[in-house]
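Structure, as structure tokens:
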Amino acid sequence: MIVGLIIACEVAFWVLLAAGLSFRYLFRMPRTGLALLLCEPLLEIVLFAVTAVDLRNGAEPDWRHGLAAVYIGFTVGLGRSTIRWADARVAHRFAGGPPPVRPPRYGTARAVHEWKVAARWILASAVALALLQGAVWYVGDGGDTGPLRAWQQRMLWVIGINVVIAASYTLFPKRERKGGAAENSVDTGTGAGTSSPR
């Protein structure tokens, strides 16, 4: 049931995002669009409540409960940047907004951008770690918390990988080739390139 609910939450996230942006830019109803976008956090609240009730009713904690915590954490850490990413592109395509700003490619500006991206992933992992630890305490010594601990280890790996990537751009900054056009631009904090940051 929990896996199905996670899938439903992910589908609902994109449906609400598409509907919110459609009302905002296509139908010229910004308040309705904003209201739909503000419904996004309700999805995580529902998933959290269902997971907590499942554990309270005696379900043995397994990878599905850990996955629910990770999904909530990643939505908290990356959901806002995903909405901003989509908003900039829809505004440009349908409302005459400015072209989405590409992330910088070289030097200190690129390093700063990479640390901003890493910060979002670290926040997502930290929220997931906190939720997983809460579940471990909730289950107590009487239950098997191994699957939850395994997810915590994965989140620590995610944090470590993102720190290493960001640090590599700081210690070994990418240099622009001589004769090339300058491509650095202001970072909007909405993710790298043209792909979704989520």
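The values are calculated or read from the model by the stated rules, or taken from the named source; none is laboratory data. Only a predicted model underlies this, so the values are computations on that prediction, with no experimental measurement involved. All Cβ positions, even for glycine, are placed from backbone atoms using ideal geometry, and neighbour counts span all protein chains on display. SASA here: full protein model, heavy atoms, side chains in, ligands and nucleic acids out. Shrake-Rupley method; radii C 1.70, N 1.55, O 1.52, S 1.80 Å.
Give the relative contact order (percent, whole number) for the chain; include only Cα pairs under 8 Å separated by 6+ residues.
With pairs under 8 Å counted, the relative contact order is 27 percent.
Can you classify the stretch 1-71 as rounded, prolate or oblate using the Cα gyration tensor, where a ≥ b ≥ c are the square roots of its eigenvalues, rounded means a/c under 1.5, and otherwise it's prolate if a/b beats b/c and oblate if not?
Prolate.
Would you work out if the stretch 119-171 is rounded, prolate or oblate? Take a ≥ b ≥ c from the square roots of the eigenvalues of the alpha-carbon gyration tensor; rounded if a/c is under 1.5, else prolate when a/b is larger than b/c, oblate otherwise.
prolate
Which whole-number percentage describes the relative contact order of the stretch 1-98, with Cα contacts under 8 Å and a sequence gap of 6 or more?
It rounds to 31 percent for the stretch 1-98.
Per DSSP H run of at least 4 residues, take -39500 (n - 2.57); add these up for the chain, divide by its residues and hand me the 222 nm value, nearest 500 deg cm²/dmol.
Using -39500 (n - 2.57) per qualifying helix, the result is -24500 deg cm²/dmol.
Note down the accessible area of Phe27, probe 1.4 Å, to the nearest 10 Å².
Accessible area of Phe27: about 120 Å².
Using a probe radius of 1.4 Å on heavy atoms only, what accessible surface per residue do you get for the chain? Whole Å² is fine.
57 Å²
Would you kindly derive the ³J(HN,Hα) couplings of the stretch 41-48 from the backbone phi angles with the Karplus curve 6.51 cos²θ - 1.76 cosθ + 1.60 (θ = phi - 60°), listing them in order in whole Hz, with x for Gly and Pro?
x, 4, 4, 5, 5, 4, 4, 4
Let me check something: with ligands and nucleic acids excluded, how do Ser81, Ser168 order by accessible area (1.4 Å probe), largest to smallest?
My answer, sorted largest first, is Ser168, Ser81.
Enumerate the calculated ³J(HN,Hα) couplings along the stretch 137-142 in order (Karplus 6.51 cos²θ - 1.76 cosθ + 1.60, θ = phi - 60°), each rounded to whole Hz, writing x wherever the residue is Gly or Pro.
Result, ordered by residue: 5, 5, 5, x, 6, x Hz.
Which chymotrypsin sites (Phe, Trp or Tyr not before Pro) does the stretch 124-167 hold that lie in a coil by DSSP with at most 14 other beta carbons within 10 Å?
Of the chymotrypsin sites (Phe, Trp or Tyr not before Pro), not one in the loops of the stretch 124-167 has a Cβ with at most 14 other Cβ atoms within 10 Å.
With a 1.4 Å probe and all protein chains kept in place, how do His92, His113 rank by accessible area, largest first?
The ranking, largest first, comes out as His92, His113.
Which entry in (1) 35, 26, 9; (2) 44, 22, 15; (3) 23, 21, 16 is this structure's computed semi-axes √(5λ) of the Cα gyration tensor in Å?
(1)
Counting other Cβ atoms within 10 Å, keep those with at most 14, restrict to DSSP loop, and tell me which trypsin sites (Lys or Arg not before Pro) in the stretch 1-53 are left.
Arg28
Can you give the charge dipole size of the chain about its Cα centre, rounded to the nearest 20 debye, using +1 on the beta carbon of Lys and Arg and -1 on the beta carbon of Asp and Glu?
It comes to approximately 1120 debye.
How many percent of the accessible area of the chain is carbon or sulfur, using a 1.4 Å probe?
The nonpolar share, carbon plus sulfur, comes to 67 percent.
When the Karplus curve 6.51 cos²θ - 1.76 cosθ + 1.60 is applied with θ = phi - 60°, which whole-Hz ³J(HN,Hα) does each residue of the stretch 72-86 get, with x for Gly and Pro?
Computed from phi, the couplings for the stretch 72-86 are 4, x, 6, 5, 5, x, 10, x, 5, 5, 5, 5, 5, 4, 5 Hz.
Quick one: ranking Trp121, Trp85 by accessible area, 1.4 Å probe, largest first, what do you get?
Ranking Trp121, Trp85 by accessible area, largest first, yields Trp121, Trp85.
Once the dipole of the stretch 15-143 is set up with Lys and Arg at +1 and Asp and Glu at -1 on Cβ about the Cα centre, which of Trp137, Thr75, Pro61 lies farthest towards its positive end?
Thr75
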